[in-house]
Each structure stands twice: as structure tokens, then as C-alpha cells.
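Just so it is clear, none of the values below were taken in a lab; they were calculated from the coordinates. Not measured: the values here are computed from a predicted model. Cβ placement follows ideal geometry from the backbone for every residue including glycine, while neighbour counts extend to all protein chains displayed.
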Amino acid sequence: MNLKGPESLPTMVKVRQHFPGRTPLDIAAEVSKQMEALYRPINSGASVAVGVGSRGITNYAAIARAVIDELKSAGAKPFLIPAMGSHGGATPEGQARVLADYGITEAAMGAPVLAAMESACVGQTESGRDVWFSKAALAADHVFVINRVKPHTDFFGKLGSGCLKMLTIGCGKREGAANYHQNAVRDGYEQVLRELGGHILRHLPILGGMAIVEDQRHQTAQLELLQPDNWIAREEALLEKARDFMPAIPFEDIDLLIVDRIGKNISGTGMDTNVIGRGVHEYTTLIGREQTQAPHIKRIYVRGLTPETHGNAIGVGMADFTHQRLVDAIDYDAMRINSLTSLTPHSAKVPIHFQSDREAIERALISAGVKDFRQARIIRIQDTLNLETILISESMIAEIAGNEQLEVDSDHQSALDDLTE
């Protein structure tokens, strides 16, 4: 089939979603307030391993530094450990580099960063499942973790991604992450998370966790101290709030979704499955609403990787098309390790790729059964984390009439031909 002429691609128009306004949190003050509730005493000179992860969380360095400062003021000697399973290529250097990208370094935090990858089995659950944990953390008197609570990309339940997951998978290093996923694919993600996480909370010296909830603008909406006696119940409540805050693509039927960048700092799956309606284990390329879940997206084209993902392109397998620049930037070892550890080989498959955006877009539209490119329903987003502003094709503007949550910026138009190669 011949490609259509340059006049065929539609003009894109900027649309803004109206999200509720929010007064910014005073991070240091809020962390101090939350830490006052710690009920487990900290002896002077006690060591505290503080787990931090690999996500692009707003204010993450500021929150981590505030926690470190509060622990120091209590007389403790905190140090940081990467709590990110097999991310960063499953090497100490790679994981330290990931943290440095987020401003979490020894100099910035005023505390050492121990990025060792060794872990140890710390017992078995009642059903006989092994539980793994970082040896560096086990050497400390206490363990504290800091993570964002949000819907998980692999399953839907009362628990999702958060501090319990960081204790169970992140602090388990590569062995712990692999152990969790091996059990989860057989017996259920949430069930195994509760079982392994519950064992850790009951049997290890867990001091607490700082849970972070972000709003639709990817800004810090709430911080809450979690403690072992109420950890799971409070994380369940925070997940409901995070689910309400989570932004979405405000259209149900889409011929082509263009995603400018994916990466581990955006989502553990490169692009959030809750946003794109595709899972890490499977999706269909069949055209038809009955074959997909909302949003009903026929084709996805991913253009590039974030610098912070360091070549780990996991999640690109959920796209149908990509650009040669993304393929050239892949660190196959990092992606392979992450994919095999999480048991998601589908998410590491490399899609059809082209040297130009235009050819990729045209081929994607043709494969979606679109006859008139000018009438194609196309949406372009920066990534799945930032959805306040999106670009839509002109054919979709009429649907916005009367929708007070959406505002068209008719002065900001762009041609798909003008994408930077």
C-alpha cells in the first residue's frame, strides 16, 4: 500500500484538562509533623536503613532529606539503600546512578548510600514462601522506606504500588523481586504481596514508611507515616485516594496514541497500564471496542526514552510502533534483566520501528484501518504521568463542546509533520 501524501495528516490542537487547584505542601514541615507520631523508640546512635526507589516522584529528594534530618534529630544514624529490586541493571553502580538522577546522593542527603545488591532469605511465610531482604538493611537496627502509593500496573486490588511493595520487592533486591513475581504469577499479585509483606512487618525491625500521594498534576498531595500495626489498612485507604487523583486520557475511542517518551521514572512499566488500557502480559491488536478496555486505543506509537531510564525500555512491548531512535537507545541487558525478573517478556518485545515519525504515524494509521487520515482520532501525550495538557486531532474538537473539564487552546496548533526527528 502506498503512503498517503504530506497533506493527509491532521493538525493537532492543544487541550487542557482542568484539575483541582491545591496549596503546595511544606515538605519539611509535613515530614516533621508525621515523624512525631513514631511510636517505636530510637536509641541514640541506632542505625536506620532508609529505602528509596527508582520512580520519578515529585519532591522525592526533598522528602528523603527531610526524613534523614528527622532521624538524625532523634539521635539515629541513617543511611540510604536503593530499594528497587532489579532496576538499574541489577548492579550497585546502576542503582546508585538511578538515585543520583533524582538528586539522592550522599552529598545531597547528608547520609551514606549503600548500594550493595546482596540479599538474604529471612524466613518463610505460613504457606512456605521464602522471604528475601537486603543484607545491608538487615545489618541496621531499623528499616524505613519512602515511596509513592498508586494503582499498580500489573493488577487491580485494595493494595497496589507503595511502601509495602517497596519492603517486599524493592528491599528484596534482585532475588526478592524474582521470588515475589514467581509466586505472584501462580497465586495472585495482591495475595502474595500481603503474605510476604505481612511477614516482613511482623518479623523484621521495620520502623515505618513515608507514604506519598500525588495529585492529577503529579504534585505531592499528601504525606503519611505508616507504622507496622496499621500499615496495610492505611495503605489501602491511601490507594483509594490515589486512584481518585489519577489522571486519565479524557477520550474513549482513539485510532492512534502518540507517546513522546517512556521510562522507569515514568512508570515501572515504562508507560502506565492504567492510562493506556493495555497490560504487561497481553493486549490485542484486533480493531473493535469489544476487544479492548477503556480507553479503546487501536494503535500506540512510542517515540523515545527518558534519560533517567538509562536505556531500560521495558514497556515498549505494549506499543505497536516505535522510532529507530528509541531502538538505538535501548540497553538490552538492563531491559532483559528487568523483564525476566518481573516475568513480563511481552513488555520487552521491540515493535515495528521506522526512521521517521511520519512513516511510523502513517503506517500505524493504515494498520488501524483508518481510510481518511484527516479524520483520524489521534492523541499525543508527553508521557503517561503528565496529562494536564494533551494534543488532539481536529476531528475530535467537536466532542469537547459543553465539557467544562476540558479547554481548547485554538491558538496552539501543530502539524504532525513538524515532530522533531
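Details
- Amide hydrogen neighbours beyond the local backbone of S161, cut-off 5 Å, H modeled: K150, H152
- Each Lys or Arg adds one and each Asp or Glu takes one away; over the other residues whose Cβ falls under 12 Å from the Cβ of G103, this sums to -2.
- Neighbourhood charge, 14 Å Cβ-Cβ cut-off, centred on E236 and excluding it, Lys, Arg +1 and Asp, Glu -1: +2
- With a simple spin-label model that places each label point 7 Å from the Cα along the Cα-to-Cβ direction, the separation between T23 and S356 comes to 5.4 nm.
- 5 angstrom amide H check on W132, placed H, neighbours 5+ away: V122
- Taking label points 7 Å from Cα along the Cα-to-Cβ direction, D372 and N43 give a separation of 7.8 nm.
- Net charge of the neighbourhood of H18, taken over other residues with C-beta under 14 Å away and scored Lys/Arg +1, Asp/Glu -1, is -1.
- Cα centroid of segment 189-211 to Cα centroid of segment 121-163, whole Å: 5 Å
- Between the residues G85, L343, Q124, the greatest Cα displacement towards the positive end of the dipole of the chain, with unit charges on the Cβ of Lys, Arg, Asp and Glu, is found for Q124.
- GluC sites (Glu not before Pro) restricted to DSSP loop in segment 29-85 with at most 12 other C-beta within 10 Å: E36
- Computed over the chain, the per-residue total of -39500 (n - 2.57) for DSSP H runs of n ≥ 4 gives a 222 nm mean residue ellipticity of -8000 deg cm²/dmol, rounded to 500.
- Other-chain or far-sequence residues with amide H under 5 Å of H353's (modelled H): T322
- Springs between Cα atoms under 10 Å define the GNM used for the chain, and in it the highest mean-square fluctuation of A233, A221, A294 occurs at A233.
- Its Cα centre serving as origin, the chain has a Cβ charge dipole (Lys and Arg +1, Asp and Glu -1) of approximately 760 debye.
- Selected from S47, S395, S267 as most flexible by GNM, with the chain as the system and alpha-carbon contacts under 10 Å: S395
- The angle separating the long axis of helix 332-341 from the principal Cα axis of greatest extent in the chain is about 60 degrees.
- Legend: distances between Cα atoms for K14/K165; K135/K241; K241/K264; K241/K371; pairs beyond 32 Å are K14/K165; K135/K241; K241/K371.
- Distance from segment 241-305 to segment 352-421 (C-alpha centre basis), Å: 14 Å
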